[in-house]
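Reading through the structure tokens given below for one structure.
Every number here is computed from the coordinates shown, using simple stated rules; none is lab data. Bear in mind that the values here come from a model prediction, so they are computed numbers and not experimental data. Glycine also receives a Cβ, built like all others from the backbone with ideal geometry; neighbour counts cover every protein chain displayed.
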Amino acid sequence: MSSVRIVPRIRVVCGRDIALGPGKVELLEHIARTGSLRKAAAAMDMSYMRAWTLVQTMNHCFKKPLVVARRGGADGGRATVTETGKAAAALYRRMEAQSLRAARPLQKELSRHLR
């Protein structure tokens, strides 16, 4: 019997935009770790342009920006996750954890129906 896992994929929708989701939160975490949008994008096997678009969408959806980017010269630019960005990512991870805890009692019942 294969192991059964619950994997929540929560999306926070703001109007027609996805303000936060698993990929955007992962991007925030990579930016916080590397200090670079380019390095964060590379870590996720994503184009720089795609990462920049995701950051712009997140920043547009929140009252305060989640990421502040500074263009660089020879040394390259910097990207910083703001306090709002850190709080949003932490709250998102808490929502995931609470979702998993809420679903756990039903996981065993559901697994009886799976191969």
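Order these by the 10 Å Cβ neighbour count, fewest first: V55, V7. Walk me through the numbers before you get to the answer.
Details: V55 25, V7 9.
Ranked by crowding around the Cβ, least crowded first: V7, V55.
Among L27, L91, the order by Cβ neighbours within 10 angstrom, fewest to most, reads L91, L27. Which of the lysines could be linked to K24 by a straight reach, that is with a Cα gap under 23 Å, when you skip same-chain ones fewer than 8 residues away? Result set, ordered by chain and number: K39, K63, K64, K86. Here the label points at K63 and R112, each 7 Å from Cα along the C-beta direction, are separated by 4.8 nm in the simple model.
Between helix 48-61 and the chain there is an angle of about 80 degrees, using the helix long axis and the longest principal axis of the Cα atoms. Spatial offset of the range 85-110 relative to the range 10-40 amounts to 17 Å, using the alpha carbon center of each.
The protection proxy used here, the mean number of other Cβ atoms lying within 10 Å of each residue, ranks peptides 77-89, 41-53 as follows, highest first: 77-89, 41-53.
Between the Cα long axis of helix 83-111 and the first principal axis of the chain there is an angle of about 20°, rounded to the nearest 10. Full extension of the segment from R50 to K86, taken as 0.36 nm per residue of separation minus the current Cα-Cα distance, would add 10.9 nm.
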